[in-house]
Amino acid sequence: MSTAGSLYVIGLGPGDPLMLTEQAKIALRQSQVVIGYQGYFTGVQDLVQDKECIALPLTQETQRAQVAADRALQGDAVCVISSGDAGIYGMASLVLEVLEQRTACASALPCPDVVVVPGISAVNACASLLGAPIAHDFAVISLSDLLTPWELIEKRIQAAAEADFITVLLNPKSMRRHWQYSRAQDIFAQHRAPETPVGLVRNAYRSDQSVTTTTVAQMTEPPVDMLTTVIIGNSQTRYWQSRMVTPRGYPIAETP
Ligand code: SAH
């Protein structure tokens, strides 16, 4: 009788190995097979030297999840690596969906032990570089319409803007997708003051990191691409010494 393997899905953080958690390192050490996008292996080279590494290109997310599920079902200790946090627009849900499908088709198969290991997301890594912009209720919206219809994305932008959520925009632009970011600006301009702080972080915690601060009125002027995270403040967010600060609401007594 075959025994079930194990399946870790881990987030590697934004790029700097210092942001790889101890739990993620342990998961890598305990795995025989490591599966991910080629670009993600460079940051974990010394941890995967003795492993079977399976690198599949971008767009082959489903194939990566299928290989991972199948190898774990065959009894291997498998680790899927994802950037940032694997549960935030990452591989975790896809891996669980594939396992759900595989085990439903063959209910006699012993299900592998699955562990999703949290990672530092671009969301909180970029927020920290900007100061403290997401200190109150916030929404995270990806502008990629590859898997989600634009009508739904726009509805969510509208709702977040109307409800005064601090809003984190991921995938703001790509090579083929330009106008959606300007459309998001139009929507925020209808609901926020023009001087509302907006922070743009590109390549956070990587060698060519850049941090730019601007406003809702000017947020389309600096360059933005798919390596950028955009954080739009709420009606209370302000700048202090070029840091974005969203107050939590605590009263602060005057210095006596
Ligand atoms: N799972 C990832 C998010 C994947 S979505 C995470 O939790 O971080 C991909 C988007 O995340 C990119 O288009 C960009 O908007 C953002 N992103 C990822 N890494 C980034 C980084 N190092 N710096 C700035 N933004 C980043």
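Here are some notes:
- In this calculation the C-beta distance from Cys111 to Gln218 is compared with R0 = 41 Å, giving a FRET efficiency of 0.20.
- Environment charge at Ala139 (Cβ cut-off 14 Å; Lys +1, Arg +1, Asp -1, Glu -1): -1
- Net dipole in debye of the range 123-245 [+1 Lys, Arg Cβ; -1 Asp, Glu Cβ; about Cα centre; nearest 20]: 240
- Computed from the C-beta positions of Arg183 and Thr59, the FRET efficiency with R₀ = 25 Å rounds to 0.50.
- Ranked by the mean number of other Cβ atoms within 10 Å of their residues, highest first, the peptides 117-129, 207-219, 229-241 fall in the order 117-129, 229-241, 207-219.
- Span from the the range 101-148 Cα centroid across to the the range 171-244 one, whole angstrom: 21
- In the range 6-120, the alpha-carbon atoms span a convex hull of 83 Å³ per residue.
- Spatially proximal lysines relative to Lys155 (Cα-Cα < 30 Å; intrachain offsets below 8 disregarded): Lys173
- Proximity of backbone amide H atoms, modeled 1.01 Å from N, is registered between Tyr37 and Leu56 at under 5 Å, excluding neighbours fewer than 5 places apart on the same chain.
- Taking 7 Å steps out from each Cα toward its Cβ at Arg176 and Asp46 produces label points 4.0 nm apart.
- Summed residue charge, Cβ within 15 Å of Met219's Cβ, Lys/Arg positive, Asp/Glu negative: 0
- Cβ-based charge dipole, the chain, positive-most Cα from Ala139, Met226, Pro17: Met226
- Candidates Gln209, Ile187, Cys126 compared by Cα position along the dipole of the range 123-245: farthest toward the positive end lies Gln209, with charges placed on Cβ.
- Under the convention that each Lys and Arg Cβ holds +1 and each Asp and Glu Cβ holds -1, the size of the dipole of the chain around its Cα centre is about 240 debye.
- Here the range 123-245 is treated as an ellipsoid with the same Cα gyration tensor; its semi-axes, largest first and in whole Å, are 20, 18, 12.
- For a label point 7 Å along the Cα-to-beta-carbon line of Gln101, residues of the range 18-60 with backbone N under 15 Å: 60
- Remark: relative contact order (the range 6-120) = 43 percent; criterion is Cα-Cα distance under 8 angstrom and separation of 6 or more residues.
- Added length on full extension, which subtracts the Cα-Cα distance from 0.36 nm per residue, Tyr250 to Gln209: 11.5 nm
- Rg/Rg_globular for the chain, with Rg_globular taken as 2.2 N^0.38 Å and Rg from C-alpha atoms: 1.13
- Residue of Ala204, Ala184, Ala193 that the Gaussian network model of the chain assigns the largest fluctuation, springs spanning Cα pairs under 10 Å: Ala193
- Straight-distance crosslink candidates among lysines, where the alpha carbon sits under 19 Å from Lys51 and sequence neighbours closer than 8 are dropped: Lys25
- Helix-only arithmetic for the chain: the sum of -39500 (n - 2.57) across DSSP H runs with n ≥ 4, divided by the residue total, places the mean residue ellipticity at 222 nm at -9000 deg cm²/dmol.
- Dipole size of the range 6-120 about its Cα centre, with +1 on Lys/Arg Cβ and -1 on Asp/Glu Cβ: approximately 100 debye, rounded to the nearest 20.
- Ala132-Thr3 pseudo-label distance in nm [points 7 Å out on the Cα-to-Cβ vector]: 5.0
Readers should treat all values here as calculations from the given coordinates under stated rules, not as data from a laboratory. From a predicted model like this one, the values you see are computed outputs, not experimental measurements. Reconstructed Cβ throughout: ideal geometry from the backbone, glycine too, with neighbour counts over all protein chains shown.
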